[in-house]
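The values are calculated or read from the model by the stated rules, or taken from the named source; none is laboratory data. The shown structure was predicted, so the numbers you read here are calculated from the model rather than taken from an experiment. Glycine also receives a Cβ, built like all others from the backbone with ideal geometry; neighbour counts cover every protein chain displayed.
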């Protein structure tokens, strides 16, 4: 309903007109794509964006300054936790788990906790940026994909290996034991080593073998010792005679 | 990119998957991603009899994925220069060709 004739009848000043003219037949919001008005076309053509001409394509020369973004606070907190983990724990193993569900994880964590091994999750980005700053930068290629950290204060490799053998999805990639990077086979051979006390005992016994033999010989009857010495002198003289002839 | 229409991996025609790699090399990323995709819960639930065996070595050898199918065929993929999507698409195309009857029956 449109009134094309504008009959203005203003009864009194300040009142709204009785009839209001409404344009019809030219909507602004249409269902089809409305052809642009010629004036608008001209305006768009005049104000078209022309990008500045670059002398070289963007990737030709490497940028001089590298943008180093600051870590956001959560990352700083996680890095601090990670530093503490590396300081406190002697053994840190990186394990890839592809598809273990919650109950498997729970059972695994329970078994490992009995041996004093904790399971830690850290985001890969945080791990990588921490590792490249610290001494342990060679662990960086291990941290790809879904990786879990097994950390423990005492290097208990044998128990960890037996627990991991139970779950087929976990793959041991490598470990850092006492600031030494070990591969999977390294961890295996490390677990087969006897304990430190046993090795020390073996070393001590090997060193004192000679002195203990001398001590036992001296402790026996002196006649036995003199007889031995006489025999030895005879042998020496006979050897020297043989050499002379 | 219509490499794999379904996100999950269907292992119905596969008997065994053996993956070996050396994690300290720099070219193992795609192999590890392939392992993560194949060893996930969904993929394994499609075929519980299929074993996924992972060997971690330290001899600077190339990462190799060896797949044995139920009819005895073997697919060997050397993942040193491949991306994980390429490996996955090749693997899935082989799987679908091996096991078309079950797929078409399921689709119908």
Region A:154-170, subset without any contact (Cβ under 8 Å) to a residue 12 or more places away in the chain and either within 14 Å of chain B (Cβ to nearest Cβ) or under 21 Å from the mean Cα position of the chain (by Cα) (or both), residue surrounded by the fewest Cβ atoms within 10 Å (Cβ to Cβ): A:165
Considering residues of region A:41-86 that are surrounded by 10 or more Cβ atoms within 10 Å (Cβ to Cβ) and more than 20 Å from the chain's Cα centre (by Cα) only, the residue nearest to residue A:175 (Cα to Cα): A:44
Checklist (1) without any contact (Cβ under 8 Å) to a residue 60 or more places away in the chain; (2) out of contact with any helix residue (DSSP H, G or I) (no Cβ under 7 Å at 6 or more places or on another chain); (3) over 25 Å from residue A:95 (Cβ atoms) applied to residue B:69, failing item: (2)
Residue within region B:15-26 that is under 25 Å from residue A:147 (Cα atoms), at pLDDT 85 or above, assigned to a strand (DSSP E or B) and away from chain A (no Cβ under 14 Å) present: no
Every residue from region B:47-62 that is surrounded by 12 or more Cβ atoms within 10 Å (Cβ to Cβ), more than 20 Å from residue A:165 (Cβ to Cβ) and either modelled with pLDDT of 80 or more or facing another protein chain (nearest Cβ under 9 Å) (or both): B:47
Residue satisfying all of: in region B:67-90; assigned to a loop (DSSP other than H, G, I, E, B) and in contact with a strand residue (DSSP E or B) (Cβ under 7 Å, 6 or more places away or on another chain); farthest from the other protein chains (Cβ to nearest Cβ) among these: B:70
Per-region count, region A:69-117, residues more than 15 Å from residue A:165 (Cα to Cα), touching a helix residue (DSSP H, G or I) at 6+ places or on another chain (Cβ under 8 Å) and part of a helix (DSSP H, G or I): 5
Of all residues making up region A:114-132, the number that are under 14 Å from residue A:158 (Cα atoms) and surrounded by fewer than 17 Cβ atoms within 10 Å (Cβ to Cβ): 3
Filter result (more than 16 Å from the chain's Cα centre (by Cα) and either surrounded by 13 or more Cβ atoms within 10 Å (Cβ to Cβ) or more than 14 Å from chain B (Cβ to nearest Cβ) (or both)) within region A:95-113: A:99, A:100, A:104, A:105, A:106, A:107, A:108, A:109, A:110, A:111, A:112, A:113
Filtered residues of region A:133-142 (kept if loosely packed, with under 14 Cβ neighbours inside 10 Å and part of a loop (DSSP other than H, G, I, E, B)): A:134, A:135
Residue check for residue A:182: within 14 Å of chain B (Cβ to nearest Cβ), part of a helix (DSSP H, G or I) and either surrounded by 15 or more Cβ atoms within 10 Å (Cβ to Cβ) or in contact with a strand residue (DSSP E or B) (Cβ under 8 Å, 6 or more places away or on another chain) (or both): no
Tally, over region B:56-66, of residues that are in contact with a helix residue (DSSP H, G or I) (Cβ under 9 Å, 6 or more places away or on another chain) and either at positive phi or part of a strand (DSSP E or B) (or both): 3
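Condition test on residue B:30, is it part of a helix (DSSP H, G or I), modelled with pLDDT of 85 or more and within 14 Å of chain A (Cβ to nearest Cβ)?
yes
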